[in-house]
Amino acid sequence: MRRFCFLLLLALPLPAAADSFEPITQKDRFLDLVQNRELRIGLYNLSLNVLADGRISGSALGWQITGQWSWKDGYFCREMDWSGMEIDYNCQLVEADGAERLRFTVDQGKGNSATFRLR
């Protein structure tokens with residue numbers, strides 16, 4: 001039930017706000033932003049580390065997240081596992097709001113988005 005609630009919350013649209021996000025199309029720029037930093041969504045107690053060697057590690061609602069990522073044609077492509085639940089491979093548009101927030105939009109920018117604070 002917890003997992004269902006988490007997935008449902010991720011699918012809910014967030015209120016519109018002034019948009020100061022800029023697309024990140026280069027892997028090096030992306031790595032500059034995430035290197036030695038944690039991506040967080042406090043509401044879900046979600047924290048992720050995206051490592052230069054292609055690994056993803058973290059947790060959400062107290063359960064472990066692991067995964068792999070690569071950079072393909074200007075998109076962040078990843079697959080993950082959340083405590084035994086597979087999160088399918090998807091390539092995502094990444095946008096930055098300065099060096100403080102990153103927004104990931106699934107299906108190469110055509111789907112739902114999640115915004116993370118960088119710590």
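The values are calculated or read from the model by the stated rules, or taken from the named source; none is laboratory data. Treat the numbers as computed from the prediction; the structure is a model and nothing was measured. All Cβ positions, glycine included, derive from the backbone under ideal geometry; neighbour counts span all protein chains shown.
What to note about this one:
- Pairs where the first residue, in segment 22-40, is surrounded by 16 or more Cβ atoms within 10 Å (Cβ to Cβ) and the second is of a type in the set (Asp, Glu) and not in a loop (DSSP other than H, G, I, E, B), C-beta under 8 Å, 6+ apart: Ile24/Glu95
- Residue selected from segment 62-80 under the condition farther than 21 Å from Gln26 by Cα and polar (S, T, N, Q), by the criterion surrounded by the most Cβ atoms within 10 Å (Cβ to Cβ): Thr66
- Subset tally (residues that are among the aliphatic types (A, V, I, L, M) and assigned to a helix (DSSP H, G or I)) for segment 31-52: 4
- Complete set of residues in segment 81-96 that are closer than 16 Å to Ile41 by Cβ and surrounded by fewer than 17 Cβ atoms within 10 Å (Cβ to Cβ): Ile87
- Every listed requirement among (1) touching a Leu at 6+ places or on another chain (Cβ under 6 Å); (2) modelled with pLDDT of 95 or more is met by Asn45 save one, (2).
- Every residue from segment 41-52 that is farther than 20 Å from Leu93 by Cα and free of Cβ contacts under 8 Å to residues at least 24 places away in the same chain: Asn45
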